[in-house]
Each structure stands twice: as structure tokens, then as C-alpha cells.
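**Q** Following this message is one structure expressed as C-alpha cells.
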Ligand code: C5P
């Protein structure tokens, strides 16, 4: 057995949900729980009916220091800690020992008991430690299920090769040792952290146009689709951030896992942005109307025969980006503005960065073919205090992903948290 190195740092304070299957190796899981807890992890256990034939919930609960969950349809649990909550309230799920039958159910998407329902409901990393007779492990059916599960992103530790509980049997099928499982948990948690570099951050994004009313039926608007801003909100959420998206009227759907505040006017947008602070990152991608009608009519303006068309007096809207970027203590650590230009793009954007007081400007060359406005692709320059980067034409989703990855890197380097 390779000596597993576990420094304990990666599991400290993390919530591990251990699903125990029915195999003699279940007894080793008492040691696994102890090893995890001595490294600072919180361990909750779910036991299948078969697992309870090998060790008791009483023993598991005594070692884990928490109640043990066994029933899918426990009336109290469904209202208290049901299978959805069990899967959400964990950072990682470990299945040990994973029997051939449990692997088959997982591969087939069954959810007929608490253990399998949790596994089907989860969006967390899952680590599986198989334990079974070598013939069962090597059986094509089990190997097919393992391949399916690997394809689904499930990770495996073991099985090891050696003596089995049944005398005279040897081969692959022994459950990995507790410290090997701990090392694999640490590795998976480390990887998950790298995939979510914005975890623990709050990202605030404005997107779309604003509508400035003239009267109850007419308004001043612009052609912004909201695609770039919405893509940024989505990318930030995918990288683990809590995201607030303040969106003007758009025809595209709300991105998943994002708190969306729908507004109409620039003044409403500013109020919603202020209400959402503090944030680590502010991205101001909305095409805010520069002006609004000084006094919008409460009644529909009538077209009178022979009368001159009404003249509209305009007043300037608040500059949301500038207001937030120049605000002392509530200023996000990283403020990103956008600029749409048709000529001297970089020069104009450099000036805008200074004038608005923001850290970065993403400059769109709206004159280019496949234009930024309303289209799916974008050619941008990223202007920072350090200089200018010109990115190749790419999908707005890719611009968003790259921008948020850069933002995460920037925060890491400057080590600022709210
Ligand atoms: O001044 P200009 O409209 O070109 O600046 C564009 C940038 O400023 C964008 O990031 C946009 O979201 C932001 N902006 C704003 N409030 C305004 C006008 C622009 O937040 N009233």
C-alpha cells in the first residue's frame, strides 16, 4: 500500500457525508470516521439496510457524533433533513464500502432507498471505495457499471488486492484503507476548490438596457440584449460565486443559480445595485440610458390634430459605474466597466477607465463584423492599470468565463475578501 500523505488541512472544517453499504469492510469505516474527525471534518452518515447487518447505527453515531440516517420515508426526516438536504449540506460524499449492488444501482440511476436517493440528488463530488469479492469486482457487469460511473465523474479509490474475508480467496476487492480514503478525499476537495475559484465571493453584475418612460406606454430604450452581462453572471456562478444580477428588461432567460433583480430604469438599477452591496467584484455590463425624460407624463400623451409634436426635455441619468467605483468603503475590490466604441477603441477606453474610476474596462469594438450588439460573439480589449490585452473574437460565454477567471486570479493575488 502506498503511504498516503494527509496533512488534514483540506478536510478541516469540511462536511463529509459517508454512505455505508453492506459489506464486512463497513467496520473499517468506524476508523475512517475517526480519522476524518481528528482532522477537523464533520462527518454525517447514511446507512443502507444491508450496512446495518454488519455494524449498527448506534456504533456509527457514537463515532461520528451525529445522528445516523437510514430511512428514505421517515416522516420527520422529510420535513427536517431529507435526502435533498443531506446531499446539499455536504462538501463531498463518500460511498464506503461500495458493494457491487450499490454500484449497479448508482450506475442505473436508482433511488429506492435513502443512500441511492441522496446519490442521485447530489451535485457534490462523489468518491467511491468499492469492496467485494474479486469475482464480483471483475465481473463484466460490475466493470461496465464502474466505467459508466467514471464517465459520470464519480471518483474511485481502490479496491486493493489481497486476502478477502472469505478464507482462501484473494484478488482485487479489498476496500482501500481508511488513510488512503482520507488522502483521496483531500485530493478531491483540493480539485473542487480549484474548479471554484470564486467560492465565498459575491459578484454583482448589471446587464441589459434600461427603459426610461416618456408616458405609461412609451419609453426610451437601446438595443442591448443583455447576453454579455447574463453570460458573466452565469460564469461567476459556475466558478462558485454568489451572484446578484441586476437586469434591465431583456428577452433572455435568467441564468441558473443567480439572484436576479429585474428593473426598468437607470434610477431603479442604481438603487438595486446599492442594495446588493457589499460585493467583491462589480461588473457593469448594462447599457444604461444616458438620459431620461425630465418629467414623464402620468397619462398617455395624446396626438392632437394639427398640434406640434411634444418636445421632450431630458435630464442626465446617474452614472452607476462611476457612482459605485468612486464610493469609499462600499466599493467592490474589483470594479469592471464596459465601453462600446466604434473608433480609437483602446484610447477611448483608457480614458474611460480613468474617468469612471474603475479598475478594468472591457472595450467592445462595436464596428467589427459579427458586431457585439445583440450578437453571440464579441471582440474585446481588456484594459487594466498594467496595460491592454486584445482578445481574439470569441463567444460571449467564453469572454465571460475568461473575464471571471481573470477576476478570481486578481482577487487571489490581492487577497481581498469582503
Ligand atoms: O459612459 P459609457 O456609457 O460609455 O460607459 C459605459 C460603462 O459605464 C458601462 O460599464 C456601463 O454599464 C456604465 N454606465 C453606467 N451608468 C450609466 C452609463 C454607463 O453604469 N449611466
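**Q** With r as the distance between the Cβ atoms of residue 24 and residue 148 and R0 = 25 Å, compute the FRET efficiency 1/(1 + (r/R0)^6) and round to 0.05.
**A** Values: r = 26 Å, r/R0 = 1.03.
E(calc), rounded to 0.05, equals 0.45.
**Q** Two decimals is fine: what's Rg over Rh for the stretch 256-345, C-alpha atoms, Kirkwood radius as Rh? Working shown, then result.
**A** Details: Rg = 17.6 Å, Rh = 16.0 Å.
Radius of gyration over Kirkwood radius for the stretch 256-345 works out to 1.10.
**Q** For the pair residue 223 and residue 66, how long in nm is the line joining their label points, each one 7 Å along Cα→Cβ?
**A** 5.4
**Q** Just the Cα atoms of the chain, one point each, no solvent: what log10 I(q)/I(0) does Debye give at q = 0.08 Å⁻¹?
**A** The Cα Debye sum returns log10 ratios of -0.60.
**Q** What ratio of Cα Rg to 2.2 N^0.38 Å holds for the stretch 134-239?
**A** On the way: Rg = 26.4 Å, N = 106, 2.2 N^0.38 = 12.9 Å.
That ratio works out to 2.04.
**Q** Over the chain, with a Gaussian network built from C-alpha contacts below 10 Å, which listed residue (227, 351, 322) shows the highest mean-square fluctuation?
**A** Of 227, 351, 322, the most mobile in the Gaussian network model is 351.
**Q** Rounded to the nearest angstrom and ordered from largest down, what semi-axes does the equivalent ellipsoid of the stretch 280-418 get from its C-alpha gyration tensor (root of 5λ)?
**A** On the way: eigenvalues 239, 84, 35 Å².
Listed largest to smallest, the semi-axes of the stretch 280-418 are 35, 20, 13 Å.
**Q** Okay, next question. Report the extension gain between residue 299 and residue 268 in nm, rounded to one decimal, defined as 0.36 nm multiplied by the number of residues separating them, less their alpha carbon distance.
**A** Values: separation 31, 0.36 × 31 = 11.16 nm, distance 2.08 nm.
9.1 nm is the gain from fully extending residue 299 to residue 268.
**Q** Just report the Cα centroid separation between the stretch 269-316 and the stretch 223-242, whole Å.
**A** After rounding, the separation between the Cα centres reads 24 Å.
**Q** Okay, next question. Which of the three applies to the stretch 75-182, rounded, prolate or oblate, going by the alpha-carbon gyration tensor with a ≥ b ≥ c and a/c under 1.5 meaning rounded? Don't jump to the answer; show the numbers that get you there.
**A** Working: a/c = 2.07, a/b = 1.85, b/c = 1.12.
Prolate.
**Q** Could I ask something else about it? Name the shape class, rounded, prolate or oblate, that the alpha-carbon gyration tensor gives for the stretch 1-57, where a ≥ b ≥ c are the square roots of its eigenvalues, rounded holds for a/c under 1.5, and otherwise prolate holds if a/b is larger than b/c and oblate otherwise. Kindly include the intermediate steps, with their values, before the conclusion.
**A** Working: a/c = 2.96, a/b = 1.62, b/c = 1.82.
Since a/c reaches 1.5 but b/c is at least a/b, the shape of the stretch 1-57 is classed as oblate.
**Q** Another question, then. Which residue, 147, 379, 307, has the most motion in a Gaussian network model of the chain that connects Cα atoms within less than 10 Å?
**A** It is 307.
**Q** Which three semi-axes in whole Å describe the equivalent ellipsoid of the stretch 211-365, each the square root of 5 times a Cα gyration tensor eigenvalue, listed largest first?
**A** On the way: eigenvalues 185, 72, 46 Å².
Ellipsoid half-lengths, sorted descending, are 30, 19, 15 Å.
**Q** Let me ask something else about it. Measure nothing fancy, just the Cα-based angle from helix 140-151's long axis to the longest principal axis of the chain, in degrees from 0 to 90, nearest 10.
**A** Compared with the principal axis, the helix lies near 30 degrees.
**Q** If you find the alpha carbon centre of the stretch 390-416 and of the stretch 187-210, how far apart are they in angstrom?
**A** If you average the Cα positions of each part, the centres end up 11 Å apart.
**Q** Roughly speaking, what % of Cα-Cα pairs in the stretch 210-297 are separated by over 23 Å, rounded to a whole number? Don't skip to the end; give the middle numbers.
**A** Values: 897 of 3828 pairs.
Pairs farther apart than 23 Å: 23 percent.
**Q** Something else: Mind checking the angle between helix 345-356 and the chain's longest principal axis? C-alpha axes, 0 to 90 degrees, to the nearest 10.
**A** With rounding to tens, the tilt is 90 degrees.
**Q** Evaluated at 37 °C with a viscosity of 0.692 mPa s, what Stokes-Einstein diffusion coefficient in µm²/s does the stretch 1-114 have when Rh comes from the Kirkwood expression over alpha-carbon pairs?
**A** 224
**Q** Can you tell me the orientation of helix 266-276 relative to the chain, as the angle in degrees between its alpha-carbon axis and the longest Cα principal axis, to the nearest 10?
**A** Here the helix axis deviates by roughly 30 degrees.
**Q** Specify whether the C-alpha gyration tensor of the stretch 140-201 places it in the rounded, prolate or oblate class, a ≥ b ≥ c being the square roots of the eigenvalues: rounded for a/c under 1.5, otherwise prolate if a/b is larger than b/c and oblate if not.
**A** On the way: a/c = 5.56, a/b = 1.87, b/c = 2.97.
It comes out oblate by the Cα gyration axes.
**Q** In addition: If packing is taken as the average number of other Cβ atoms within 10 Å across a peptide's residues, how do 230-242, 210-222, 151-163, 110-122 rank, most packed first?
**A** Result, highest mean first: 230-242, 110-122, 210-222, 151-163.
**Q** Calculate I(q)/I(0) for the stretch 178-224 by the Debye formula, one identical point scatterer on each C-alpha and no solvent, and give its log10 at q = 0.13, 0.17, 0.26, 0.32 Å⁻¹ to two decimals.
**A** For the stretch 178-224 at q = 0.13, 0.17, 0.26, 0.32 Å⁻¹, log10 I(q)/I(0) is -0.58, -0.70, -0.94, -1.07.
Only the coordinates and a few stated rules stand behind these numbers; no lab work does. Quick caveat, the model's predicted, so the values are computed rather than measured. Methodologically, a virtual Cβ is constructed for each residue, glycine included, from the backbone with ideal geometry; neighbour enumeration extends over all protein chains shown.
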